[in-house]
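Everything on this sheet refers to the single structure shown next.
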Amino acid sequence: MEKVNLRRLLKLGLIAEVLIVLFSFFQANYIISETMRMSARYSGRLSLFFFLGTFLLTSLNWSKRRTEFKQNFVGLILIFSLLHFIHFLFLATNIYLNEIELIPFKLLGGGFGYLTLLIYPWLLKSKNPPTWLDYFYFYYLLLIMVITILSRLSGAFEGAEPSLLHYLGLILIGSTLLIHLFHLKKHNS
């Protein structure tokens, strides 16, 4: 596989984040609290899209993720971590400005997910991280994303109306996971 242009991908991701804030600002009629609500929503969708792209590319190169694909693998993980950290900043600002009540036990799964985002890239750069960690990382974050989408669909998320995009997100997650499992089975046979 050709080398992924990581710098270009990073620039595109950061430009997309800036465009999300600008779009949200104008859509929200210059109201900062609504801007942050919309920015959190749309940057979360960008993160999901980038994560699924990263998972798909990694799945197609799963047997090479620690060898010739490693530079791309680590780079994609770092870019996703940065984009999702930006999403976290929008989310935290939204929670603060809109005085959204947090339920501690619901924060545990997502909080652990954000911790994983910070630790995993650092572990990948170490000499010999265990390969089970790759499975844990992708599967755990997929689970958190599915739970998040399902909670939006059930109406349990304040300020987020269920939409067809949530179903599309579930379909994309399921499709990406099936492709991953297919490639695992194909290469382990």
For the chain, compute the orientation-averaged projected area of the C-alpha convex hull (one quarter of its surface), in nm². 11.3 nm²
Most fluctuating residue of 103, 171, 144 in a GNM of the chain with Cα springs under 10 Å: which is it? 103
Take the solvent-accessible surface of the protein heavy atoms, probe 1.4 Å, and return the percent of it on the chain that carbon and sulfur atoms account for. 70 percent
The extension gain from residue 146 to residue 107, computed as 0.36 nm times the residue separation minus the Cα-Cα distance, is 12.5 nm
Net charge (Lys, Arg +1; Asp, Glu -1) of residues whose beta-carbon lies under 11 Å from that of residue 79, residue 79 excluded, is +3
Restricting the stretch 1-96 to chymotrypsin sites (Phe, Trp or Tyr not before Pro) in coil, as DSSP defines it, with at most 11 other Cβ within 10 Å: 30
In nm, to one decimal, how far is the residue 132 label point from the residue 89 one, both placed 7 Å along Cα→Cβ? 3.6 nm
Which trypsin sites (Lys or Arg not before Pro) from the stretch 1-82 combine a DSSP loop assignment with at most 10 other Cβ atoms within 10 Å? 3
If you keep only loop residues by DSSP, which trypsin sites (Lys or Arg not before Pro) in the stretch 93-189 have at most 10 other Cβ atoms within 10 Å of their Cβ? 127
Given a 1.4 angstrom probe, what's the average accessible area per residue across the stretch 6-184, in square angstrom? 57 Å²
Suppose each label sits 7 Å from its Cα in the direction of the beta carbon; what would the residue 119-residue 18 distance come out to in nanometres? 3.5 nm
Could you work out how far apart the two model spin labels at residue 167 and residue 28 are, taking each label as a point 7 Å from the Cα in the direction of the beta carbon, and quote it in nm? 2.9 nm
Sorted largest first, extent of the stretch 99-171 alpha carbons per principal axis (Å): 45, 30, 15
Starting at the first residue of the stretch 81-94, write each ³J(HN,Hα) from the Karplus equation 6.51 cos²θ - 1.76 cosθ + 1.60 with θ = phi - 60°, in whole Hz, x for Gly and Pro. 4, 5, 4, 6, 5, 4, 4, 4, 4, 4, 5, 5, 5, 4
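The values are calculated or read from the model by the stated rules, or taken from the named source; none is laboratory data. In this text the structure is predicted, and so the values were computed from the model without any measurement. Every residue, glycine as well, gets a Cβ built from its backbone with ideal geometry; the counts of neighbours run over all protein chains shown. Please note that ligands, DNA and RNA were not included when accessible areas were found on the heavy atoms of the full protein model with its side chains. Shrake-Rupley method; radii C 1.70, N 1.55, O 1.52, S 1.80 Å.
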